[in-house]
Every structure is written in structure tokens, then in C-alpha cells.
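The values are calculated or read from the model by the stated rules, or taken from the named source; none is laboratory data. Keep in mind it's a predicted model, so treat the numbers as computed, not measured. Heads up, the Cβs are rebuilt from the backbone with ideal geometry, glycines too, and the neighbour counts pull from every protein chain shown.
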Amino acid sequence: MVRCNSHRNVNLRIGLNAWKPETTREPLLPDWAFWADAVNYEPCQALANAVRASGGNIRYGSVRDPQSGANAAILTCAAFAETKPVGDRRTWRIRLSSVGVQAICEFPEQQLEFDRGAFARDSRIAGIAWER
């Protein structure tokens, strides 16, 4: 299994001015603990509601990616530079197993893997029976 960064698998063209705000930069960076909570989504949802109302989109650091990759909260169509899909469309399957979670795309062949440790901070799934 090849471990990939999820941001390398996005098949969208995003407008350069779409990212307002970014939780990984000032002025939101000092509040990183709010944005990085793996269980309490309330601060993130409040931010998303305010940003959506202002017509923006959010770029934020991944809580679960050990390489601290970036994610995007696309809240408005303004994030897309094109009006139609660009490139090929892909179907992904999600698989839970004893080692963690896998996202699998058959064509082109591509796989993402998140080991059980990626979910350790999330108390809502702490009791999951990984071994079946």
C-alpha cells in the first residue's frame, strides 16, 4: 500500500483568491487548539458559518494527517476556477480493517492509508473493534 498525502489527490482547480481565511496563518493561528480538536467541532462549525455568510472558503491544517497536510472547506462555488469538472472523475471506496482505514481508487489505481493511531485522539471512536 502506498501512503499518499490526500492533498495530492484532489482533482479540482481552485481559484487563487478562494482561501479566506486560513487557520494555519494569522490571525487564526493562535487559536489552533480550537481548530485542531478531534472531537469538538463547534468552533470550526461557527467559523464555517461566518465564512460561508461572507462568501469565503477555508484552508485548514489536517488534524489527522501525520505530515500536517492541508484540507479545504469549500463553502461556496467561488472556490472553483472552472464551471465544469476538470479531468477524469474517480470513484473511491472506504475500507475499515484491523490496521486502520483505507481509501481505494481502482482507476487510476491509488490508495490512501490511515493507521489506527490517526484516530487515537477521537474519543467518539476510541472503543471501535478494529479486530473482527
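Listed values, structure above:
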read-out: Some residue of region 89-97 being modelled with pLDDT of 85 or more, closer than 30 Å to residue 25 by Cα and among the aromatic types (Phe, Trp, Tyr); value: no
read-out: Residue that is surrounded by 10 or more Cβ atoms within 10 Å (Cβ to Cβ), farther than 19 Å from residue 37 by Cβ and of a type outside the set (Ser, Thr, Tyr), where the choices are 121, 89, 64, 116; value: 116
read-out: Check on residue 47, under 21 Å from residue 27 (Cβ atoms), assigned to a helix (DSSP H, G or I) and free of Cβ contacts under 8 Å to residues at least 60 places away in the same chain; value: yes
read-out: Count of residues meeting criterion [among the small types (Gly, Ala, Ser), at pLDDT below 80 and within 29 Å of residue 97 (Cα to Cα)] in region 1-37; value: 1
read-out: In region 112-130, the residues that are within 23 Å of residue 92 (Cα to Cα) and assigned to a loop (DSSP other than H, G, I, E, B); value: 128, 130
